[in-house]
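Colleague: The structure's right below; bear with me while I get my questions together.
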Amino acid sequence: MRQTVREFYDRSEQADFTAVVDDHGHHGARELLRRATELADAMTPDGTPGGTVLLQADNSWRTVAATLAVGLTGGVLALVNRHTTPAEFTAAVEDIRPDVLIAEPSAIEEWGGGRALPDALPAEALDGWTVRAGRGPRDVSRWAGGTLIGLTSGSTGRPKGVVQSESALRYACSCTIDVNGLHDGDAVAAVVPLSSTAAYCFGACLSLMLGGPLVLSGRWDREEALARMAAHDVRWTMCVPTMALQMGSAAAGSKVLDGVRSITVGGGPMDRGALARAERSLGTTILRVFGMSECLGHTSPRPDDPEEIRLGRDGRPFPGTDLRAVAADGTVLGPGATGRAQVRGPSLFLGYARDGKVEPPALTPDGFFPTGDLLVTGEDGTVTVMGREKDVIIRGGRNLDITEIERAVAAHPAVARACVAPVPDPLLGERAAVLVVVEDGSGELGLDEITAHLARTGLSKAKWPEFAFTVGELPQTTVGKLDRSGARRLAHDLHAKLAPYPEQHRQGDA
């Protein structure tokens with residue numbers, strides 16, 4: 001983060017400005033730089049280089065101050081969430097091999113952080129947090145030009161350390177600034193935890209580049225988030241679909257965010273109708289986007305695009321980014337054909353952190369990264385992500401596309417959010433169940449009403465869910481995304497309670 005921090009420093013030298021607004025109040029740029037200098041001294045005892053710093057990233061001024069400190073010392077920043085389990089922390093340490101650990105004392109004790117850096121020199125910084133600085137040699141060249149390591153869940157359950165360069169972060173932020181018409185000094189908000197790679201990029205990094213206030217919420221509270229964004233003239237924010245829909249419901253048609261130019265929404269299943277209701281209630285414009293930790297925010301519509309593109313598709317690739325759909329044999333597919341998504345561009349990551357160094361990603365011979373998603377491209381250059389390749393239910397040997405069913409169910413006017421999950425069946429192996437959250441959180445939506453709606457939409461009866469459960473909220477990850485593993489467990493538990501007469505709650509075997 002050397003270039004970004006240098007630009008921030010130069011801007012503060014010209015005039016001080018509010019750089020962070022959080023639960024603790026307002027924090028000026030010069031105050032944060034002073035804190036960063038103090039932290040840098042604690043991180044680099046005896047003049048040692050900055051090294052690789054594992055930070056407990058929270059939505060407060062501390063994360064920004066730590067970013068500045070790492071940039072000032074030429075180090076590499078790795079992010080960890082407070083809710084990380086001891087086993088996940090141990091795996092992250094094995095992959096990252098940090099030189100410095102910064103966290104609140106209770107987190108270090110819970111994680112066993114003392115064992116991670118047994119020869120560390122402990123110190124205090126950031127108002128009571130602990131800095132454990134190792135004494136061994138430090139060499140950030142092992143990250144091959146990487147400046148940020150973000151942890152993301154792997155298919156095996158072991159967190160993956162995604163290594164990104166500063167140029168990739170700046171490219172993703174610059175494109176986002178351009179698309180959303182942001183200007184120097186604009187305030188942006190971060191409501192998703194900054195321990196998320198995307199939230200950190202489009203929160204901390206983007207605000208440092210703009211030189212305006214970063215408005216933070218320490219924990220997710222939809223009413224507080226709305227009030228804080230309105231009070232501090234926020235012009236843009238990024239969030240996951242659940243957060244956007246919850247804020248829309250809380251706004252109750254007040255148009256409280258009519259000063260916000262746009263809200264970028266990504267990271268989960270989205271329904272055009274639900275998003276349209278949310279943006280009308282909030283008084284702003286919602287942009288449905290596609291991106292991933294490995295290739296940050298690489299598509300977006302523009303605020304002046306029609307609703308069909310803004311909310312019904314995932315925009316267009318950023319300039320310089322190529323996104324394509326391919327068949328199983330690698331053949332590139334044309335517009336209108338659904339295939340496996342592959343991406344290539346300036347925000348593509350360097351690789352995964354493995355045993356303290358970068359393990360390059362598995363790319364195609366022409367440099368594309370397979371995302372694991374299904375994609376269809378349009379004649380106009382727009383793209384639509386159709387879901388994950390593995391998001392299927394196998395019912396009696398027939399594959400059911402979870403995303404297709406979810407989108408059809410979510411189009412029901414009474415449905416706020418929906419998630420389809422498999423439940424076990426002794427005859428067919430799996431059947432489809434749907435978890436629904438109804439608008440305004442009241443009432444219950446029965447299976448008969450859902451299937452009648454699906455019949456009206458034209459969805460094949462073979463794809464209809466056979467069980468429906470109304471829930472107060474869908475399971476979420478620590479960064480607010482839909483937790484599909486949690487949803488599967490919830491559906492399984494609710495289905496189990498129907499025994500011994502589950503046939504009373506499902507459709508016939510169509």
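The values are calculated or read from the model by the stated rules, or taken from the named source; none is laboratory data. Values in this document were obtained by computation on a predicted structure and should not be read as measured data. Glycine gets a Cβ as well: all are built from the backbone with ideal geometry, and neighbour counts include every protein chain shown. What goes into the accessible areas is simple: the full protein's heavy atoms, side chains included, and nothing from ligands, DNA or RNA. Shrake-Rupley method; radii C 1.70, N 1.55, O 1.52, S 1.80 Å.
Colleague: What accessible area per residue, rounded to a whole number of Å², is obtained for segment 144-241 using a probe radius of 1.4 Å? Before the final figure, lay out each step's value.
Modeller: Values: 2950 Å² over 98 residues.
Averaged over the residues of segment 144-241, the accessible area is 30 Å².
Colleague: Let me check I have the definition right: for segment 369-454, take the eigenvalues of the Cα gyration tensor, multiply each by 5, take square roots. What are those semi-axes in whole Å, largest first? Intermediate values should be presented prior to the final figure.
Modeller: Values: eigenvalues 122, 85, 22 Å².
After scaling each eigenvalue by five and taking roots: 25, 21, 10 Å.
Colleague: Still on this structure, I have one more. Hey, if you put +1 on the Cβ of every Lys and Arg and -1 on every Asp and Glu Cβ in segment 169-265, which of T197, M247, A231 ends up farthest toward the positive end of that dipole?
Modeller: Of the options given, the answer is T197.
Colleague: Could you state the accessible area per residue of segment 46-122 in Å², with a 1.4 Å probe and every protein chain left in place? Numbers along the way, then the final one.
Modeller: Numbers: 2550 Å² over 77 residues.
That works out to 33 Å² per residue.
Colleague: With the contact rule set at Cα under 8 Å and sequence spacing of 6 or more, what percent relative contact order holds for segment 304-446?
Modeller: Over segment 304-446, the number comes to 17 percent.
Colleague: Between segment 271-321 and segment 386-444, how far is it from one alpha carbon centroid to the other, in angstrom?
Modeller: Cα centroid of segment 271-321 versus Cα centroid of segment 386-444: 23 Å apart.
Colleague: Next question. Quick one: of K461/K497; K160/K390; K390/K481, which pairs are farther than 23 Å apart, Cα to Cα? Write out the running numbers ahead of the final one.
Modeller: Values: K461/K497 25 Å; K160/K390 19 Å; K390/K481 17 Å.
Violating the 23 Å limit, Cα to Cα: K461/K497.
Colleague: Hey, what's the Cα Rg ratio for the chain versus the globular rule of thumb, 2.2 N^0.38 Å? Don't skip to the answer; put the middle values down first.
Modeller: Values: Rg = 23.3 Å, N = 510, 2.2 N^0.38 = 23.5 Å.
In units of the globular-protein estimate, the chain measures up at 0.99.
Colleague: So, one more: Can you give me the % of accessible surface on the chain that is carbon or sulfur? Probe 1.4 Å, all protein chains present, nothing else counted. Don't jump to the answer; show the numbers that get you there.
Modeller: Values: 10030 of 20290 Å².
C and S fraction of accessible area: 49 percent.
Colleague: How high is the relative contact order of the chain, in percent, with contacts defined as C-alpha pairs under 8 Å that are six or more residues apart? Working shown, then result.
Modeller: Numbers: 1132 pairs, mean separation 54.1, N = 510.
Relative contact order here is 11 percent.
Colleague: Something else about it: Considering only DSSP beta bridges where both residues belong to the chain, give the percentage that are antiparallel (nearest 5).
Modeller: On the way: 61 of 92 bridges.
Taking every DSSP beta bridge with both residues in the chain, the antiparallel ones total about 65 percent.
Colleague: Quick check: Cα centre of segment 217-267 to Cα centre of segment 64-138, how many Å?
Modeller: Between the Cα centre of segment 217-267 and that of segment 64-138, the gap is 32 Å.
Colleague: If you place +1 on the Cβ of every Lys and Arg, -1 on the Cβ of every Asp and Glu, and leave all else neutral, what size is the dipole of the chain about its Cα centre, to the nearest 20 Debye? Show your work: numbers first, answer last.
Modeller: Numbers: 52 positive and 65 negative charges, 140 e Å.
Here the size comes out at about 680 debye.
Colleague: Also, I was wondering about something else. Rounded to the nearest 20 Debye, what is the dipole magnitude of segment 80-141 about its Cα centre when Lys and Arg each give +1 and Asp and Glu each give -1 at the C-beta?
Modeller: On the way: 6 positive and 11 negative charges, 31 e Å.
So the dipole magnitude of segment 80-141 works out to roughly 140 debye.
Colleague: From Cα coordinates alone, what are the radius of gyration and Dmax values for segment 70-131 in angstrom?
Modeller: My reading of the Cα-based Rg and Dmax gives 11.4, 31 Å.
Colleague: At 1.4 Å probe size, with every protein chain present, just tell me what the per residue accessible area of segment 251-303 comes to in Å². It would help to have the intermediate numbers written out before the result.
Modeller: Numbers: 1570 Å² over 53 residues.
Per residue, segment 251-303 has 30 Å² of solvent-accessible surface.
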